[in-house]
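One structure is given below, encoded as structure tokens.
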Amino acid sequence: MLGEYRIEGRRAAEIAASVERAVGAGHLEPGQLLPPMRELAVDLGVNPNTVAAAYRVLRERGVIETAGRRGSRVRPVPATTGRDRIGVDVPEGVRDVSAGNPDPALLPALAPAFAAAAAEGDRDPVLYGDVAVDPRLARAARAELDADGVPEGPLAVVTGSLDGVERVLTAHLRQGDTVAVEDPGWARTLDLVPALGLRTVPMGVDDEGPRVDAVRRVLADGARALLVTDRAQNPTGAALSAPRARALRAVLAGHPETLLVEDDHGHGIVDLPLHPLAGATRHWAFVRSVAKAYGPDLRLAVLTGDQVTVDRVRGRQRLGPGWVSLLVQRAVARLWTESALDTGAVAAEYSRRRDLLIGALAERGVAARGRSGMNVWVPVPDETGVVARLLHAGWAVAPGARFRLHEPPGVRITVSALSEEETERLADAVAAALGPAPERSYV
């Protein structure tokens, strides 16, 4: 069952650690069946309850999953490995369009903002007990949230969108609770939820966001939380439309105790208006990061929500890191209010590059999706084959398996730094990798 690997340990923690090490090292493969608890207990000479406790720890850590009498097996993407390992090694000379990064040429200069923030810190050093949220950042963030129709609420500052999502989930949910996630969806989220000991349930996504029927189904089935990307959905580029937002708010009105978490990481790079769901339920959170428009290394997002949710996030934050660097906050505040960056022009440029690729693919009979953001999703019949053929042709794309739970195969292409000439060559390569048009019955 386990090949040459032997699980070891006498205590539950030791047994769990042995399995986790094996999964991380690749000795136990995703989907591999583990020994029945009683069988492993006999093999190790321990009480079956000890093995049961070890398996429970592994489930809570997102390493294994249990399906009743079918036994326990390593999760398809265990938390110890992460979906980043489902990718391609990019050889030298191959054009990488898989990473999901913004175009460095479209990011603003950071030196002036940080120099000014540092000078302010020299004049008035930040000490323990100072405010956790820079007032200037709070004013700038609140003004933009008001303009976008996000309800009034207290503010917290976190180290990026995923940090905010994690803090909100842990503030409200208990291990074993079900979280509805987009499918296809953000790979890190699909890893994070089970790593917190929570269960994921997929909801399908079209160009206008989560499908109404899918949301209605997951809520009827008891999902405790709903994670929604408002714009620039990764990997499909979906963006909530006004009609879809109204329909989803109507569905959520029938489930007021659902925890609603919205991610607006596309702020500043999307030329579509925001249609937030915030406030549709009793407990909600809206997270807006600066990574895509101003730089991934800033590691900052603002979070607003209902009073209870934000109070819990800030309270737990005080017990850990305490606060996000005021130096970074002040620099971001200056970037938001004083930077020469024209976010409208940046958003228009990403839209132009995305539309160019989608149009070039359409001319070659290849269907693709990408309503907003910097990624294009291309449905394919065979991810492995298409990724391999494109790699051979000099292009590295992201396998859809990184982003999917139950949806059909696809590949993600990041257009952020593509030139027009590259776009034409890439479209030729994708069409060739997919084969003759009659074989594309999946489109």
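Within region 400-420, being surrounded by 22 or more Cβ atoms within 10 Å (Cβ to Cβ) and either touching an Asp or Glu at 6+ places or on another chain (Cβ under 6 Å) or free of Cβ contacts under 8 Å to residues at least 40 places away in the same chain (or both) holds for G400, V411, S416.
What residue, among those in region 166-181 that are outside any helix (DSSP H, G or I) and β-branched (V, I, T), is farthest from R404 (Cα to Cα)? Looking at residues that are outside any helix (DSSP H, G or I) and β-branched (V, I, T), I get T178. Confirm whether A195 is within 15 Å of V251 (Cβ to Cβ) and either modelled with pLDDT of 95 or more or out of contact with any Ser or Thr (no Cβ under 7 Å at 6 or more places or on another chain) (or both). Criteria not met by A195.
Screening the candidates D191, D264, D177 for the property of being among the acidic types (D, E), assigned by TED's automatic domain parsing to the domain that holds T281 and under 22 Å from I413 (Cβ atoms) yields one hit, D191. From the list L319, L303, L357, the lone residue that is among the hydrophobic types (A, V, I, L, M, F, W, C), farther than 30 Å from P112 by Cα and crowded, with 23+ Cβ neighbours inside 10 Å is L357. Checking A429, A433, A393 one by one, the residue that is surrounded by 22 or more Cβ atoms within 10 Å (Cβ to Cβ) and either more than 17 Å from the chain's Cα centre (by Cα) or modelled with pLDDT of 95 or more (or both) is A433 and no other.
Yes/no per residue for (1) in contact with a Pro (Cβ under 8 Å, 6 or more places away or on another chain); (2) not hydrophobic (A, V, I, L, M, F, W, C); (3) not assigned by TED's automatic domain parsing to the domain that holds V324:
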position	(1), (2), (3)
G93	no, yes, yes
A99	no, no, yes
A116	no, no, no
A119	no, no, no
D122	no, yes, no
V126	no, no, no
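Looking at (1) among the acidic types (D, E); (2) in contact (Cβ under 8 Å) with a residue 12 or more places away in the chain; (3) within 30 Å of L326 (Cα to Cα), which one does D297 not meet, given that it meets all the others? Against the list (1) among the acidic types (D, E); (2) in contact (Cβ under 8 Å) with a residue 12 or more places away in the chain; (3) within 30 Å of L326 (Cα to Cα), D297 comes up short only on (2). Comparison of R330, R314, R334, R354 shows that the only residue that is in contact with a strand residue (DSSP E or B) (Cβ under 9 Å, 6 or more places away or on another chain), part of a helix (DSSP H, G or I) and farther than 17 Å from L106 by Cβ is R314.
Restricting T423, T384 to those that are free of Cβ contacts under 8 Å to residues at least 24 places away in the same chain and of a type outside the set (D, E, K, R) reduces the list to T384.
Do we have V218 as crowded, with 20+ Cβ neighbours inside 10 Å, over 20 Å from R314 (Cα atoms), assigned by TED's automatic domain parsing to the domain that holds L274 and of a type outside the set (F, W, Y) here? Taking the combined requirement at face value, the residue satisfies it. Going through (1) part of a helix (DSSP H, G or I); (2) in contact with a helix residue (DSSP H, G or I) (Cβ under 6 Å, 6 or more places away or on another chain); (3) not aromatic (F, W, Y) one by one, A115 falls short only on (2).
Of everything in region 390-439, what is in a helix (DSSP H, G or I) and basic (K, R)? Give them in sequence order. Residues satisfying the conditions are R402, R425.
Residues are listed down the side, and each one gets a yes or a no for (1) under 30 Å from A223 (Cβ atoms); (2) part of a loop (DSSP other than H, G, I, E, B):
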residue	(1), (2)
A105	no, no
G129	no, yes
R136	no, no
V157	yes, no
L162	yes, no
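Here A147 clears all of (1) exposed (fewer than 11 other Cβ atoms within 10 Å of the Cβ); (2) closer than 15 Å to S325 by Cβ; (3) among the hydrophobic types (A, V, I, L, M, F, W, C); (4) within 28 Å of the chain's Cα centre (by Cα) except the condition numbered (2).
Report yes if some residue within region 334-348 is assigned by TED's automatic domain parsing to the domain that holds H265 and under 22 Å from G129 (Cα atoms); otherwise report no. Looking through region 334-348, none of the residues is assigned by TED's automatic domain parsing to the domain that holds H265 and under 22 Å from G129 (Cα atoms). For region 70-88, state whether one or more residues are at pLDDT 85 or above, among the β-branched types (V, I, T), surrounded by 13 or more Cβ atoms within 10 Å (Cβ to Cβ) and over 30 Å from V386 (Cβ atoms). No, every residue in region 70-88 fails to be at pLDDT 85 or above, among the β-branched types (V, I, T), surrounded by 13 or more Cβ atoms within 10 Å (Cβ to Cβ) and over 30 Å from V386 (Cβ atoms). Taken over region 22-68, the criterion of being assigned to a loop (DSSP other than H, G, I, E, B) and on the phi > 0 side of the Ramachandran plot is satisfied by G26, G31, G45, G62.
The values are calculated or read from the model by the stated rules, or taken from the named source; none is laboratory data. No experiment lies behind these values; they were computed from the predicted model shown. Here the Cβ is made from the backbone with ideal geometry for all residues, glycine too, and neighbour counts use every protein chain on show.
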